[in-house]
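Before any comments, here is the structure.
The values are calculated or read from the model by the stated rules, or taken from the named source; none is laboratory data. Not measured: the values here are computed from a predicted model. Reconstructed Cβ throughout: ideal geometry from the backbone, glycine too, with neighbour counts over all protein chains shown. Heads up: the accessible areas ignore ligands, DNA and RNA and are worked out on the full protein's heavy atoms, side chains in. Shrake-Rupley method; radii C 1.70, N 1.55, O 1.52, S 1.80 Å.
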Amino acid sequence: MDIIKLLPDSLANQIAAGEVIQRPASVVKELLENAIDAGATRIQLLIKDAGKTLIQVIDNGAGMSETDARMSFERHATSKIKFSEDLEHIRTMGFRGEALASIAAIAQLELKTKPHDQDLGTRILISGSKLEKQEPIQYPGGTSFSVSNLFFNTPARRKFLKSDPVELKNILEEFEHIALAYPEVEMTCHNGDTEIYILSKGNLKQRIMAVFGKSMNEKIVAIEEHTDLVNMGGFIGKIEACKKKRGEQYLFVNRRYIKSNYLHHAIKAAYESLIGEEDHPFYVLFLDLDPTRIDVNVHPSKHEIKFLDERIIYQYLRVATRHALGQYVPLSLDFESGDKGISNQITSSIYNPEARKNYGTQFGQPTAEKTSIPNQDWRKLYEILKAPDESKGDSIAAILINSQINNEDQLVPSTLNASDSERQYASKDPYQIHLSYIISPVASGLMIVDQETAHRRILYEKSLKQMTGQAAPSQRSLFPTTIQMSGSDQIILNHLIPDLKQLGFDLEPFGTNNFIIHGSPADWSASISIHHFIEELVKEYAHDESKKSDYKTYLAYQISKSQGLKQGQSLTVEEMKFIIDQLFACEEPAFGPSGGRCYTIIELQEIEKRMR
């Protein structure tokens, strides 16, 4: 019996859609690229419900004839390729002829289009690959694609979409890629009734300032180098534009946005000791080279490409970046012997031999996560405390269990009603070892508290209570400051502001791309930059969905991570007692927010065994 059959076109298109259309942002990317290829000088992007309900792209490009409009939804239908040799000379954004067929397979789509030299346009309605209607219409010229109810017929895929703020951020990132690559194109973006971007046409520097804020004018340096193999241009960030997290690195090859860890390393290597290992420079860079020397057809999203001369381009990019940095900070071109010939091809500039050695990182060095030694269940400690060993006649129940809350933020141990045996331990102060662990005697032996993990647990639970109860007090700043966010990041921050206010942050939107910070939590550590904290908060929110099923938990985790004690910090006796008191007032004192143990007990029997 024959079992192999050809798939129906509608099913084949759904399968192909899985490779091309992964989320709403994939639709936005394909439609924006089509508008660019159509020669549009004005593009509008309209979104509802993070693209799940509606994605509409309107352009004033060339438009399509009635026949082309219908053919555009067929698989492998493209105006970009006629012969196999054309694959080696691709300079357009889209060329495979799969995007519209894939979108139409998993959504309800309306197309309106008209060439500027024709009297009537065409309207086409398609639902799940099925043609519902095709008719002539009056239309001003150009093209409008409206994609509604994405994944309506593939609910399993719709279920795996991320939260609306994250999906919207992904959409805006695709918008930003096109906006930066084509600053001569007027572009607007609206999410529902909210205006996100109104970008006038201009040059690249003006577009960078429009997307990332006017302050970038003083934070970027132009780069322009020409070689026989590749031409390079764009802007790189000065030291103050560097950040701990990646996310503001934009590399374009023949105006196509790409991702390349290899070439990112080349740019970062040019900064050498100017920035820390965890810092990442800002850049918007363009490489222009012969299309025959690259392969853009290696990934469905076309974000990854292959270079025929990758190693040479690496060295060119590194030296060119170093050259641009030398415009504002004295540097030396201290390249390996293999790079010197390449550097001579790019520039003959002579640099100051004295490299800047005292350029520190903008923020403090991160503290590495550590693991705790597993031991007995924390509930056993309570059993020990509640039932002291009568043969030894001592207990710390009065200290750890009978702690009384004097006010909202402080716990003070009470020993007024403790027996003589209980007060015996109250007189034995805890002490610190290796500036990391607190040692305290207990009835059954010794308790070792990890000061970092314990303090993070305390702050974590405190933050959760503040977000669901009475708001934390805020300390008003004498001089309010502003923080700038790109369009994609401001969506995330707006989503988090209500809970940030509960935590004591006083901030609000202030014009385009700006937020004004009036105050911070009253107990905020002065050593932690609020700007840095908010920037990292937004970046991690967008890239780690696993922690955001409950974003209150996510915020509490980030507060504890930022404000918690670190290994290497010296503590007074009173501070150590305070940590122990607050830890055992927590609902889950055994483990920190990241899962490590807050404390462990070394039993007296174990100590005696080791002493034999």
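Summary table below
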| item | result |
| --- | --- |
| Rounded accessible area per residue of the range 438-574, 1.4 Å, Å² | 40 Å² |
| Per DSSP, loop chymotrypsin sites (Phe, Trp or Tyr not before Pro) in the range 483-586 with at most 15 further Cβ within 10 Å | Phe510 |
| Only Lys, Arg (+1) and Asp, Glu (-1) charged, at Cβ; the range 153-292 dipole about Cα centre in debye | 540 debye |
| Summed side-chain charge close to Ile438 - residues other than Ile438 whose Cβ falls under 10 Å, Lys, Arg +1, Asp, Glu -1 | -1 |
| Chain lengthening between Arg476 and Thr53 when straightened (0.36 nm per residue, less Cα-Cα) | 148.2 nm |
| Exposure of Met485 as accessible area (Å², to 10), given a probe of 1.4 Å and all protein chains | 10 Å² |
| 30 Å Cα-Cα threshold exceeded, pairs from Lys162/Lys259; Lys159/Lys214; Lys162/Lys219 | Lys159/Lys214; Lys162/Lys219 |
| Percent carbon-and-sulfur accessible area, the range 472-612, ignoring ligands, DNA and RNA, probe 1.4 Å | 53 percent |
| The range 101-231, accessible area per residue, ligands and nucleic acids excluded (1.4 Å, Å²) | 44 Å² |
| Summed residue charge, Cβ within 15 Å of Arg476's Cβ, Lys/Arg positive, Asp/Glu negative | -2 |
| Under 13 Å, Cβ to Cβ, from Gly192 - net charge with Lys/Arg +1 and Asp/Glu -1 | -2 |
| Sorted peptide list for 563-573, 240-250, 455-465, criterion being average Cβ within 10 angstrom, highest first | 455-465, 240-250, 563-573 |
| Protein accessible area in the range 115-216, 1.4 Å probe - carbon and sulfur % | 50 percent |
| Distance (nanometres) between label positions extended 7 Å along Cα→Cβ at Lys609 and Glu587 | 3.6 nm |
| Hz values of 3J(HN,Hα) by residue in the range 209-223 - Karplus curve (6.51, -1.76, 1.60), Gly and Pro given as x | 5, 5, 7, 10, x, 5, 5, 5, 4, 9, 10, 10, 10, 6, 10 |
| Burial ranking of peptide ranges 128-135, 143-150 (average Cβ count within 10 Å, highest at the top) | 143-150, 128-135 |
| Per-peptide average of other Cβ atoms within 10 Å, ordering 155-162, 202-209, 589-596 highest first | 589-596, 202-209, 155-162 |
